[in-house]
Amino acid sequence: MEQQLQLLKEEALTKIENAISVKELNDVRVSYLGKKGPITDLLKGMGKLPAEERPKMGALVNVVRESVTESLEARMILLEEQAINEQLAKEAIDVTLPGRPVQTGNHHPLTRVVDEIEDFFISMGYEIAEGPEVEKDYYNFEALNLPKGHPARDMQDSFYISEDVLLRTHTSPVQARTMEAKGGEAIKIICPGKVYRRDSDDATHSHQFTQIEGLVVGENITMSDLKGTLDLFAKKMFGEEREIRLRPSFFPFTEPSVEMDISCFKCGGDGCNVCKKTGWIEILGAGMVHPNVLRMAGYDPSAVTGFAFGMGPERIAMLRYGVEDIRHFYTNDIRFISQFHRSEA
Ligand code: FA5
């Protein structure tokens, strides 16, 4: 029996040594030390031995069992360590690899131009005023010296919601609303916002577009204040060397009315495709607030005067970025929008 025990031990130690995975080693442990294993069998068979041999054999079996258990434990530590190292090697991350690029958003080119115009006028002491896009006929037309039936209403083809309510066709109604609310006080505001006209969409027209209105009302406001303001604005937006010219025009709510052109920033005035060979580019409409408009809003035209201007930021953005079709601003083609990266601002 002693010999049998010795053989068993050697066999178990060899299997332990040869086990190359934690699972394999566990199988060896169960097969030798488990309830149905040979060592347990031997212990169970002790009863059949003569009484005087039992202590000696019992001690021998225990020595073998301890020896097998010890080498199992030692091998287990080794194999577990190996398994962890293999897993670590498999899951290793190369922190020196370049990162995946993260897609960042940009400001829409129109938002940028509007922000820039706002910043300029805020730096000149203007405040921002807002008004509703669904507007009363009164503020959109009547309070601006365009009574019902006035032929100049045809200049702005409108989306009517009811007889007296429409989608505003320009930001000028904010002039009338602000004057009415200020009750005779001095005013210096710009009003950015969306406007709507029944124009057919084409490369330079959209049925919905943006305008920025300006209004200054106070004592001794003159045409030269208007011209000086617009000159500074043109230089800020299109470069220090820009010149402006004011051409006579007509708007029912201003008298006199003008249209402002800037010297072409592409050819400098020689004539090119941007300025249609004229050397000048039309940018906005403006004028001195009509006395009727002041009067209707509760101001005394003999005591105060004012100037107003209105421009389309789409047109400015098209000129600034060389965009040839206004519809690009609204069709949200990511290939178009992503060209205006922050770093180019
Ligand atoms: C007006 O709307 C006046 N309210 C501007 C004004 C304000 C004059 C204050 C005097 C005093 P006009 O209809 O010209 O004016 O429009 C102003 C600008 O809006 C134009 O120069 C153009 O840039 C833009 N615009 C007009 N119609 C369209 C359209 N369908 N699509 C895109 N932009 C347009």
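Only the coordinates and a few stated rules stand behind these numbers; no lab work does. Treat the numbers as computed from the prediction; the structure is a model and nothing was measured. Glycine gets a Cβ as well: all are built from the backbone with ideal geometry, and neighbour counts include every protein chain shown.
A few remarks follow.
- DSSP-assigned coil residues among trypsin sites (Lys or Arg not before Pro) in the range 115-155, each with at most 15 further Cβ atoms within 10 Å: Lys148
- Using only alpha-carbon positions in the range 135-180, the gyration tensor eigenvalues give semi-axes of 15, 12, 9 Å once each is multiplied by 5 and square-rooted (largest first).
- Residue pairs exceeding 22 angstrom between C-alpha atoms, taken from Lys188/Lys266; Lys15/Lys48; Lys9/Lys56: Lys188/Lys266; Lys15/Lys48.
- The range 156-301: projected area of the alpha-carbon convex hull, averaged over directions, in nm²: 9.9
- Cubic angstrom per residue, convex hull over Cα atoms of the range 21-60: 53
- The Rg/Rh ratio of the range 170-244, with both radii computed over alpha carbons and Rh defined as the Kirkwood radius, is 1.05.
- For the range 87-220, projected area of the alpha-carbon convex hull averaged over all directions, nm²: 16.0
- For the chain, the mean residue ellipticity at 222 nm estimated from helices alone is -12500 deg cm²/dmol, where every DSSP H run of n ≥ 4 contributes -39500 (n - 2.57) and the total is divided by all residues, rounded to the nearest 500.
- Disulfide-incompatible cysteines by the Cβ rule (no partner under 4.7 Å) in the chain: Cys191
- Pairs of alpha carbons in the range 13-101 whose separation is greater than 21 Å (percent): 51
- Inverse mean reciprocal Cα-Cα distance (Kirkwood Rh) of the range 267-342, Å: 15.9
- For GluC sites (Glu not before Pro), the sites in the range 251-345 that DSSP calls loop and that have at most 15 other Cβ atoms within 10 Å are Glu324.
- For the chain, a simple Cβ point-charge model (Lys and Arg +1, Asp and Glu -1, everything else neutral) yields a dipole of about 700 debye relative to the Cα centre.
- Three semi-axes of the equivalent ellipsoid, the range 56-122, Cα gyration tensor, whole Å, largest first: 75, 13, 7
- For q = 0.13 Å⁻¹, Debye-computed log10 I/I(0) when each Cα of the chain counts as one equal scatterer: -1.01
- Solvent-free Debye scattering, log10 I(q)/I(0), computed from the Cα coordinates of the range 95-149 at q = 0.19 Å⁻¹: -0.89
- Relative contact order, percent, the chain [alpha-carbon distance under 8 Å, six or more residues apart]: 15
- Between Ala92, Tyr299, Gly131, the Cα set farthest toward the positive side of the dipole of the chain (charges on each charged residue's Cβ, about the Cα centre) is that of Ala92.
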